[in-house]
Each structure stands twice: as structure tokens, then as C-alpha cells.
Amino acid sequence: MADHKLEAAKAAFKFIKTGQTVGLGAGTTVLHLAGMIAQDTELARSVVLVSSSFKTNSYLQEQGLNVKSASAVKHLDLYFDGCDQFDQQLNALKSGGGIHTTEKILASMAAEFVLMGDDTKFVPRLNTTYPLVIEILPQALQVVLAKLRSAYPDADIKLRMGDQKDGAVISDNGNLLANIRFNALPQWQQLNIRVKMIPGIVEHSLFYGMATKAIIAGEGGIQIITPQ
């Protein structure tokens, strides 16, 4: 059985050129891509890599690659990342890892933001399968939750709790994370701005109008999708 994530990574690898500064997100497809960079000696010597993911960053360092922190870089030629779901306009939801704030910073730095993965991620329109995740300053928790419940009374809003420790999950930035599960489909363009404008919310996990292409693999082979 074909490994579609590996096939997507192989297609993405062809876009990387020597001397570029490349951002990498998180997930299986990204790790496949990182491995291909490490195996290409000439490319590995010439590229600068930046990652939003602790796991990816650790792997890159183990491979002896040239890794810089996001704070040391102001421009990326390419940023590759996966997602939970994306639509025909390449609007994407990234709801799993809780590192969307750093991911969005790197995506905003990139001349090209490329989504990767298997073709199950592609839907005609974003739906309510995955939650919107928000990162909240701890001192603003109660007011943020109150404002969100007022704005979206039919949504289920819950603080993300740890399953390996007692208490709330803490983001890489020392903040809290909450999941918003919508029972009715929201207007994504309006939500993109409305949620971000609530004081105390650092960032949310909807990547609206940011990706420039998507590379997906499935039984039908590789597809390269641009915004419709």
C-alpha cells in the first residue's frame, strides 16, 4: 500500500533549491521531507532551516543541519506544513499540535506557503469536523471565554486539558489553549478577524488566505492545487 504522505513529501522536495531558507512545520509528511533534505549532501550544506515544531527542530539538529530560530530570520523562501483540513481556496485548519501561533508566524514570512499531505485533507469547503484552537493569555482567560460564548452561543468551547499531567495544556509560549467546536458552519472570513480581535487571544488555528499551493497524494497520484 502506497505511503501517500511520503509521496507528497517527495513532490514537495522538488521545489527546494540550494541556498534557500526553508521553514518546516510538524507532522509525518514534514519529517519525511526533512529526511530527504538530510540525505542530499549538497542541498543540506547550503540551506538554512527554521521550524515551528520542537520535534522537527530536534530531528534537524540531530542530522547536523543548519538550523536557525524563528527570531533570527525575517524571510523564508518556502514554508512547508501539514494541516487537518483545507479547502479549494487553501484556507486551512491546523488544530492538532497547538503550535499554530509559531506556524502562522513562519507562514507569514514565506514567499511560498505550501501545504502537504494525503488527499483526505482536501474538502470543497471547511466544515466542523475539527475544532478551531485559540491561544489565550492566562490573565485574559475568563474574559476571553465569556466573549467567545457570547459571540458563538451554539459552540462548545473548552479549555484544552492535559492527559499526562493534572491541569491545563500550556503552549510553547506559556499560554493556554482552548478548542471551539462549532455546531453550525461559521462564516470563516468573518471569524478569521472577529476571533483575533478579542483582547487576550494571541492567535487562532485558522490559516485564512495564507497558503499559495498544496501538494497532496492519493490513489490518483500527486495533485498540486492552487487557490481557486
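The values are calculated or read from the model by the stated rules, or taken from the named source; none is laboratory data. Predicted model, so just to flag it, every value in this text is computed and none were measured. Reconstructed Cβ throughout: ideal geometry from the backbone, glycine too, with neighbour counts over all protein chains shown. What goes into the accessible areas is simple: the full protein's heavy atoms, side chains included, and nothing from ligands, DNA or RNA. Shrake-Rupley method; radii C 1.70, N 1.55, O 1.52, S 1.80 Å.
Note on ILE222 and GLN39: the extension gain reaches 63.7 nm, defined as 0.36 nm multiplied by sequence separation minus the Cα-Cα distance. Derived value for region 119-228: Kirkwood hydrodynamic radius 15.7 Å. Basis is the mean of 1/r over every pair of different alpha-carbon atoms.
Return P(r) of region 157-222 (all Cα-Cα pairs; 10 Å bins starting at 0; whole %; ordered from short to long distances). All Cα pairs, binned at 10 Å, distribute as 15, 35, 30, 18, 2 percent. With the radius of gyration and the Kirkwood radius both derived from the Cα set of region 1-148, what is their ratio Rg to Rh? Rg divided by Rh gives 1.00.
Taken over the C-alpha atoms, region 79-129 has Rg and Dmax values of 10.8, 30 angstrom. Counting only protein heavy atoms and a 1.4 Å probe, the chain has 49 square angstrom of accessible area per residue.
Note on GLN139/LYS68: beta-carbon distance plugged into 1/(1 + (r/R0)^6) with R0 of 22 Å gives a FRET efficiency of 0.10. The angle between the Cα long axis of helix 100-109 and the main principal axis of the chain comes to about 50°, on a 0 to 90 degree scale.
Derived value for region 78-179: Kirkwood hydrodynamic radius 15.1 Å. Basis is the mean of 1/r over every pair of different alpha-carbon atoms.
Summarised as an ellipsoid, region 1-50 has semi-axes of 19, 11, 9 Å, derived from the eigenvalues of the Cα gyration tensor scaled by 5 and square-rooted, with the largest first. Separation of the alpha carbons by more than 24 angstrom is noted, of LYS14/LYS121; LYS17/LYS74; LYS5/LYS158; LYS14/LYS196, for LYS5/LYS158; LYS14/LYS196.
Taking every DSSP beta bridge that has both ends in the chain, the antiparallel portion is near 55%.
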